[in-house]
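Notes for the one structure printed next.
The values are calculated or read from the model by the stated rules, or taken from the named source; none is laboratory data. This one's a predicted model, so the numbers in the text were calculated from it and none came from an experiment. Cβ placement follows ideal geometry from the backbone for every residue including glycine, while neighbour counts extend to all protein chains displayed.
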Amino acid sequence: MTSAKQLIRSLTLTDSIGIVVGSIIGTGVFLKTATIGALVGSPGMVLLVWVVAGILSLTGALAYGELGSLMPEAGGEYVYMKEGYGDIWGFLYGWMRFWIGSTGSIAAYAVGAMTFLSGAVDLSAVGGKTGAAVISIVIFSALNCLSVAFGGMLQSGMTFLKILMLLGISVGIFFFADVGTMSHMSEAIEVPGGLPWWSAFGSALLAALWAYDGWNNLPMVSGEIKNPQRNIPLSLALGMVVILVVYGLVNVAYFYALPFSEIVNSNSDAFPDALPVATKAAMTFLGSYGLVILSLAFAFSAISAMNGSILTGARVPYAMAKDGLFFKGLANVNEKASPMISVLVQAGVSILLAISGTFDQLTNYVVFSSWIFYAMCTGAVFILRKKRPDAPRAYKTLGYPVLPIIFIVLGVLLLINTVWSSPKESLIGLILILAGVPVFYWFKRSQKA
């Protein structure tokens, strides 16, 4: 193994779309509708939350397309933050991804996958859901120590199967559900007091954004994508359109199949032992015999998203180490052109998080911490247009400057609401990010020495 070896451009357009779609569709679309419903109280409001979260994510992806085509390098947002705001902000982004962003996503997907699998398989022999989550992280991290071409093909294949599964469930519900009716759409529940409607909507939006999280992953592997000036923005745009259509179809299918009261009583932090809403909905046409099949299918979906996060997330500490801003060994590339040490260290942190947190806790930490930098990275579009006005841009942000401004403003409002409604999770996220400041200066001094 030697750090002289380099990453190679072997990911195709198909692979890139597979990474976008496969990294997004994981656990959220199967679980979060229950949490959202309990916060906003009606099917119409739930669908509005999903639409707003989807459009917000699409707007961010369009801005990232310009940054990715301008700077097609490994590390994605780390590179954008460093070039736009300076080394310290690039480091703090990478620090956040290393300790909670990528690793927290991997842990949440693993825990979510085993939550599904436990409905079909007794996991007590491997330490329950937590033990099985750890094993899954180890196995797929090992697979991603192979070539990126292998990882890309694996992700594309798993994504294709996942889309077919979601479409099959939706079609099955609409045509074969025993008690399906659109009258469920007119139902409502009494929302527990304590939060004004706008804050409840913001908290629901945070839950939905977890289901869309992952649209930012593709730029992390920019240094390994063929024809990146074309394929990065195209993959982001096409991938997000696919997600919007699929999520809309799946959620309408839930409301067609189940009374709203049954949806909000599905698996969440409030009802940890209940079946996931997706399982309940699909059982309306598959019956109880379909429980095992559904549990396996949903677990597969979450594992696919976890694989996408493992593949992309490891490129951030690799890029930081190459710049001398992180531990030197993380820049090593093995003979398969994979940053193996970065992958394995990432797996270790992910395992610690999987052991220490519940699914909803992990997702809240990830979304809050990540959106601080999503908003800043979108702002880098404005900064880099001033810093590099003559740089060739194969793609320019659609709707510039209006759409990026809307994205930034809504992102900031979301963060403010999260601090107000979930101060504990917000404080933990902020402390974790700020803890990187002294570490950055330590690496800087070491670099000079």
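The figures follow:
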quantity	calculated
Of all residues in the range 74-100 being charged (D, E, K, R) and buried (at least 21 other Cβ atoms within 10 Å of the Cβ), the one that is nearest to residue 228 (Cα to Cα)	77
Residue check, residue 414 touching a Leu at 6+ places or on another chain (Cβ under 7 Å) and part of a helix (DSSP H, G or I)	yes
Considering residues of the range 130-151 that are within 19 Å of the chain's Cα centre (by Cα) and under 13 Å from residue 312 (Cα atoms) only, the residue modelled with the lowest pLDDT	151
Search result, residues across the range 214-251 that are in a loop (DSSP other than H, G, I, E, B) and within 10 Å of residue 20 (Cα to Cα)	214, 215, 216, 217
The listed residue being in contact (Cβ under 8 Å) with a residue 40 or more places away in the chain and closer than 30 Å to residue 184 by Cβ, out of 138, 51, 79, 134	51
Yes/no for residue 154 being under 14 Å from residue 251 (Cα atoms), part of a helix (DSSP H, G or I), within 21 Å of the chain's Cα centre (by Cα) and not β-branched (Val, Ile, Thr)	no
Subset of the range 157-190 (residues that are surrounded by 15 or more Cβ atoms within 10 Å (Cβ to Cβ), within 28 Å of the chain's Cα centre (by Cα) and of a type in the set (Val, Ile, Thr))	159, 163, 169, 173
Single residue of the range 259-281 satisfying the filter (in a helix (DSSP H, G or I) and not β-branched (Val, Ile, Thr)) that is surrounded by the fewest Cβ atoms within 10 Å (Cβ to Cβ)	261
Selected residue (only one of 255, 271 is modelled with pLDDT under 90, in contact with a helix residue (DSSP H, G or I) (Cβ under 8 Å, 6 or more places away or on another chain) and farther than 24 Å from residue 215 by Cβ)	271
Criterion violated by residue 390 - all others in (1) surrounded by 15 or more Cβ atoms within 10 Å (Cβ to Cβ); (2) more than 17 Å from residue 53 (Cα to Cα) satisfied	(1)
The one condition in (1) touching a Leu at 6+ places or on another chain (Cβ under 6 Å); (2) polar (S, T, N, Q); (3) part of a helix (DSSP H, G or I) that residue 397 fails to fulfil	(3)
Positions within the range 207-246 being farther than 19 Å from residue 306 by Cβ and among the hydroxyl-bearing types (Ser, Thr, Tyr), in sequence order	222, 235
Residues within the range 409-434 that are touching a Phe, Trp or Tyr at 6+ places or on another chain (Cβ under 8 Å) and either within 11 Å of residue 203 (Cα to Cα) or touching a residue at least 60 places away in the same chain (Cβ under 8 Å) (or both), tallied	11
Helices (runs of 4 or more DSSP H) contained in the range 6-74 and holding at least 2 residues touching a His at 6+ places or on another chain (Cβ under 7 Å)	none
Yes/no for residue 198 being in contact (Cβ under 8 Å) with a residue 40 or more places away in the chain, over 20 Å from the mean Cα position of the chain (by Cα) and part of a helix (DSSP H, G or I)	yes
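Residues are listed down the side, and each one gets a yes or a no for (1) closer than 16 Å to residue 133 by Cα; (2) modelled with pLDDT of 85 or more; (3) touching a strand residue (DSSP E or B) at 6+ places or on another chain (Cβ under 9 Å):
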position	(1), (2), (3)
291	no, no, no
315	no, yes, yes
327	no, yes, no
355	yes, yes, no
368	no, no, no
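Per-residue answers, yes or no, for (1) at pLDDT 90 or above; (2) farther than 22 Å from residue 363 by Cα:
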site: 3; (1), (2): no, yes
site: 19; (1), (2): no, no
site: 28; (1), (2): no, no
site: 41; (1), (2): no, no
site: 83; (1), (2): yes, yes
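For every residue, the table says whether it meets (1) among the hydroxyl-bearing types (Ser, Thr, Tyr); (2) on the phi < 0 side of the Ramachandran plot; (3) not in a helix (DSSP H, G or I).
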site: 283; (1), (2), (3): no, yes, no
site: 302; (1), (2), (3): no, yes, no
site: 305; (1), (2), (3): no, yes, no
site: 325; (1), (2), (3): no, yes, yes
site: 329; (1), (2), (3): no, yes, no
site: 342; (1), (2), (3): yes, yes, no
site: 352; (1), (2), (3): no, yes, no
